[in-house]
Amino acid sequence: PVVADVFPDVLEDCNLHVLAPLSKGNTYYEKTGKGGESYLPGTVIFRDQIIYVYAESEDGLCTDESSYSVKYNECPIQKGISPNGDGLNDFFDLSSHGVDDLKIFNRYGSEVYSYGFGYTNQWAGQDKSGNKLPDGTYYYVVISKGKTRTGWVQINK
């Protein structure tokens, strides 16, 4: 008999969900019935979604399917960085947020820094040209896990 692997629903707090290894003949899919994109084990899921597991015999005559949901609680975003090289809070660390887009603005509303998909902790208080920004309050817009979040971050060297 062909049996699709079964996984419990997932609710992550400050971690990203990674697809687990599968039994032989099983494949992850974005949509039911082998629909949409297929995923390999080890793929990181960046937003709330349902994951489908499709199992098929070698001759394709027998099939089975299961699914589970991946949901994320909002993880807190740090309120300050101190980019002074001491190894503590030197970077704006969003590595557990699955960032699609980040924009940093000064108090006048001018964009001073941006980074697209895959941001983890690249901002250490520098502007778009790599120059150090002065101490002060900066504002961010982060798109992660399918949600837009805004807030402030303080640079204090």
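Restricting to segment 60-70, give me the number of residues that are open to solvent by 30 Å² or more (accessible area, probe 1.4 Å) and either assigned to a strand (DSSP E or B) or outside the structural domain of K24 (by the TED database) (or both).
Pass one, segment 60-70, residues open to solvent by 30 Å² or more (accessible area, probe 1.4 Å): 60-65, 67.
Retained after the next criterion (residues that are either assigned to a strand (DSSP E or B) or outside the structural domain of K24 (by the TED database) (or both)): 63-65, 67.
Total meeting the criteria: 4.
Is segment 130-153 home to any residue that is within 20 Å of the chain's Cα centre (by Cα), assigned to a strand (DSSP E or B) and free of Cβ contacts under 8 Å to residues at least 24 places away in the same chain?
Yes, some residue in segment 130-153 is within 20 Å of the chain's Cα centre (by Cα), assigned to a strand (DSSP E or B) and free of Cβ contacts under 8 Å to residues at least 24 places away in the same chain.
Can you tell me which residues in segment 94-123 are part of a strand (DSSP E or B) and of a type in the set (A, V, I, L, M)? Give the derivation first.
Kept after step one, since they are part of a strand (DSSP E or B), are these residues of segment 94-123: 99-105, 111-115.
The answer is V99, L102, I104, V112.
If I ask for residues that are of a type outside the set (A, V, I, L, M, F, W, C) and under 18 Å from S66 (Cα atoms), which ones from segment 1-17 would you list?
P1, D5, P8, D9, H17
For segment 29-40, indicate whether the set of residues that are touching a residue at least 40 places away in the same chain (Cβ under 8 Å), in contact with a strand residue (DSSP E or B) (Cβ under 7 Å, 6 or more places away or on another chain) and surrounded by 17 or more Cβ atoms within 10 Å (Cβ to Cβ) is non-empty. Walk me through how you get there before you give the answer.
Step one: filter segment 29-40 for residues touching a residue at least 40 places away in the same chain (Cβ under 8 Å), giving none.
Looking for residues that are touching a residue at least 40 places away in the same chain (Cβ under 8 Å), in contact with a strand residue (DSSP E or B) (Cβ under 7 Å, 6 or more places away or on another chain) and surrounded by 17 or more Cβ atoms within 10 Å (Cβ to Cβ), one finds none in segment 29-40, hence no.
Given the criteria open to solvent by 70 Å² or more (accessible area, probe 1.4 Å) and in the same structural domain as K34 (by the TED database), does L88 qualify? Working first, answer last.
Values: open to solvent by 70 Å² or more (accessible area, probe 1.4 Å): yes; in the same structural domain as K34 (by the TED database): no.
So L88 does not fit the description; no.
All but one of (1) β-branched (V, I, T); (2) touching a strand residue (DSSP E or B) at 6+ places or on another chain (Cβ under 6 Å); (3) within 30 Å of T120 (Cα to Cα) hold for T43, so report the exception by its number.
(2)
Pairs under 9 Å by beta carbon, first residue outside any loop (DSSP other than H, G, I, E, B) in segment 1-22, partner modelled with pLDDT of 95 or more and loosely packed, with under 11 Cβ neighbours inside 10 Å, six or more apart or different chains?
V18/G42
For the list (1) assigned to a loop (DSSP other than H, G, I, E, B); (2) in contact with a Gly (Cβ under 9 Å, 6 or more places away or on another chain); (3) without any contact (Cβ under 8 Å) to a residue 60 or more places away in the chain, I need the number of the one condition that L88 fails.
Answer for L88: the failing condition is (2).
Does N73 satisfy the condition of being under 26 Å from the mean Cα position of the chain (by Cα) and surrounded by 14 or more Cβ atoms within 10 Å (Cβ to Cβ)? Give the derivation first.
Details: under 26 Å from the mean Cα position of the chain (by Cα): yes; surrounded by 14 or more Cβ atoms within 10 Å (Cβ to Cβ): no.
Considered against the rule, which asks whether it is under 26 Å from the mean Cα position of the chain (by Cα) and surrounded by 14 or more Cβ atoms within 10 Å (Cβ to Cβ), N73 comes out as no.
The values are calculated or read from the model by the stated rules, or taken from the named source; none is laboratory data. Everything numeric here is computed off the predicted structure, so don't read it as measured data. Cβ atoms come from the backbone with ideal geometry, glycine included; neighbour counts cover every protein chain shown. We work out accessible area using only protein heavy atoms, side chains counted, and drop any ligands, DNA or RNA first. Shrake-Rupley method; radii C 1.70, N 1.55, O 1.52, S 1.80 Å.
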